[in-house]
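Structure, as structure tokens:
The values are calculated or read from the model by the stated rules, or taken from the named source; none is laboratory data. This is a predicted model, so every value here is computed, not measured. Every residue, glycine among them, receives a Cβ derived from its backbone with ideal geometry; neighbour counts consider all protein chains shown.
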Amino acid sequence: MKKRYLYAVAAGLTLGLTATAAVAKDTLTVTSWGGAYTKSQDVTYFEPFAKKTGTKILQDEWDGSTAKLKSMVELKQVSWDVVDVEPGHALQGCEEGWLEPIDYDALGGRDQFVEGAAMDCAVATIVFDTIYAYDADKFPNGGPKTVADFWDVKKFPGPRALRKSPKTTLEMALIADGVAPKEVYKVLGTSEGVDRAFKKLDEIRPDVRVWWTAGAQPPQLLADGEVVMSTAWNGRIYDAVKNSNKNFKIVWDGAAMDFNLWALPKGGKHLDLAKQFVKFTIDPDVMAQQSKYISYGPTLKAAISKIPPNILADLPTAPENMKTAFVVSSEFWADHDEELTERFNSWLAQQ
């Protein structure tokens, strides 16, 4: 059973979930993903909010199961007040009516956020990127700089690794083939564009040694020398560089921007307090603190300018790193995920 932590305002004691705490008037249950990410939320949001308001924050974890969250609302047994979700959850929950709409007037307006961060039923606090990275030790005369370079096995020889998923992989293939990042979904939304992406993947396929499925794989594959470059989530590469002293370099060209967002399930027992919590986190001075603890970028434009340059340089929302980035379209993948996954898997199965 996953542990749940209750932050007591005065003593900061860690307590087990009890019946008394569960019904406490000023208790707020915030559900996230665990690990280093949630630890960064602890110090940035949970503990400061608890100290400021006298609220006891009860933390839970989930695995992203849409069915669990949706059934809570349908059965009117909502035990989560605020949930950290992905864009797909936000889109589905809004369309199907099991997430509360976000009042952006109360948060200062949508235009203060970076593109894609202000969804109708969820508001993003962090940006993470799917990028590719390489082992700089393998390229002493200079490494790759563009998505097209990932495909250039003559200039940059060595085995590659790509994610075993059409999402971001097909977009990357099109960018390598010359499609502008901002135009990628316009092209991928046509049958000709899909064919073009798979044709480009045909070119690199002989040099793809590993199709990875877990975020921990790319840095390990690079460290073990199994591949010389791999797509990855930027935070994983950052961690390998900062904490394991690996000489890995991130290529930000064509980076795929994605988000984690706060959402409020309908029927939550502490809706007003939940809204107060979300508003607390949507403050540039507060949000800017999270990047001290994890290499995700803030979604507020004003928070970006508050981050020290040495930290900002490694974040997805650094102006230099966003120049050729694109926002992953949750709408596109909601409409096409099933069919493109089926085709992708069939393509992989071909000899």
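Please go through region 306-335 and give me each residue that is surrounded by 12 or more Cβ atoms within 10 Å (Cβ to Cβ) and out of contact with any helix residue (DSSP H, G or I) (no Cβ under 8 Å at 6 or more places or on another chain), ordered by number. Answer for region 306-335, where residues must be surrounded by 12 or more Cβ atoms within 10 Å (Cβ to Cβ) and out of contact with any helix residue (DSSP H, G or I) (no Cβ under 8 Å at 6 or more places or on another chain): ASN321, MET322, VAL327, ASP335. Within region 163-191, being at negative phi and either among the small types (Gly, Ala, Ser) or not assigned by TED's automatic domain parsing to the domain that holds ALA133 (or both) holds for SER165, ALA173, ALA176, ALA180, GLY189, SER191.
Considered as a group, the residues in region 108-146 that are part of a loop (DSSP other than H, G, I, E, B) and in the same structural domain as ILE175 (by TED's automatic domain parsing) include one that is surrounded by the fewest Cβ atoms within 10 Å (Cβ to Cβ), and that residue is ASN141.
Can we say THR299 is more than 24 Å from ASP81 (Cβ to Cβ), of a type in the set (Ser, Thr, Tyr) and out of contact with any Lys or Arg (no Cβ under 7 Å at 6 or more places or on another chain)? Considered against the rule, which asks whether it is more than 24 Å from ASP81 (Cβ to Cβ), of a type in the set (Ser, Thr, Tyr) and out of contact with any Lys or Arg (no Cβ under 7 Å at 6 or more places or on another chain), THR299 comes out as no.
Residue check: is GLY158 closer than 30 Å to MET229 by Cα and at pLDDT below 95? Against the criterion (closer than 30 Å to MET229 by Cα and at pLDDT below 95), GLY158 does not qualify.
The listed residues are ALA90, ALA106, and the only one of them that is within 21 Å of the chain's Cα centre (by Cα), modelled with pLDDT of 95 or more and of a type in the set (A, V, I, L, M) turns out to be ALA90.
Return yes when LEU315 is touching a Phe, Trp or Tyr at 6+ places or on another chain (Cβ under 8 Å) and within 20 Å of TYR104 (Cβ to Cβ) and no when it is not. When the stated conditions are applied, LEU315 does not pass them. The residue that is nearest to ALA256 (Cα to Cα), counting only those in region 132-180 that are hydrophobic (A, V, I, L, M, F, W, C) and in contact with a Pro (Cβ under 8 Å, 6 or more places away or on another chain), is ILE175.
Yes or no, residue by residue, for (1) over 25 Å from ALA256 (Cα atoms); (2) assigned to a strand (DSSP E or B); (3) in contact with a strand residue (DSSP E or B) (Cβ under 6 Å, 6 or more places away or on another chain); (4) in the same structural domain as TRP333 (by TED's automatic domain parsing):
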{"residue": "TYR45", "(1), (2), (3), (4)": "yes, no, no, no"}
{"residue": "ALA67", "(1), (2), (3), (4)": "yes, no, no, no"}
{"residue": "VAL73", "(1), (2), (3), (4)": "yes, no, yes, no"}
{"residue": "ASP84", "(1), (2), (3), (4)": "no, yes, yes, no"}
{"residue": "HIS89", "(1), (2), (3), (4)": "no, no, no, no"}
{"residue": "GLU95", "(1), (2), (3), (4)": "no, no, no, no"}
{"residue": "ILE102", "(1), (2), (3), (4)": "no, no, yes, no"}
{"residue": "ALA106", "(1), (2), (3), (4)": "yes, no, no, no"}
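Tell me which residues, restricted to region 243-267, are out of contact with any Leu (no Cβ under 9 Å at 6 or more places or on another chain) and under 19 Å from THR38 (Cα atoms). Matches in region 243-267: ASN243, ASP258, PHE259, ASN260, LEU261, TRP262. Has region 207-214 got at least one residue that is surrounded by fewer than 20 Cβ atoms within 10 Å (Cβ to Cβ), among the acidic types (Asp, Glu) and either in contact (Cβ under 8 Å) with a residue 12 or more places away in the chain or in contact with a strand residue (DSSP E or B) (Cβ under 9 Å, 6 or more places away or on another chain) (or both)? Within region 207-214 (the criterion being surrounded by fewer than 20 Cβ atoms within 10 Å (Cβ to Cβ), among the acidic types (Asp, Glu) and either in contact (Cβ under 8 Å) with a residue 12 or more places away in the chain or in contact with a strand residue (DSSP E or B) (Cβ under 9 Å, 6 or more places away or on another chain) (or both)), the answer is yes, since at least one residue qualifies. For region 210-218, the criterion of being closer than 23 Å to HIS336 by Cβ and over 19 Å from the mean Cα position of the chain (by Cα) is met by at least one residue. Quick check on GLU226: is it in the same structural domain as ARG343 (by TED's automatic domain parsing), in contact (Cβ under 8 Å) with a residue 40 or more places away in the chain, surrounded by 22 or more Cβ atoms within 10 Å (Cβ to Cβ) and not aliphatic (A, V, I, L, M)? So GLU226 does not fit the description; no. I need the full set of residues from region 193-249 which are farther than 17 Å from GLY158 by Cα and of a type in the set (Val, Ile, Thr), in order please. Matches in region 193-249: VAL194, THR213, ILE237, VAL241.
Given the criteria hydrophobic (A, V, I, L, M, F, W, C), in contact with a Phe, Trp or Tyr (Cβ under 9 Å, 6 or more places away or on another chain) and either at pLDDT below 95 or part of a helix (DSSP H, G or I) (or both), does VAL251 qualify? Criteria not met by VAL251.
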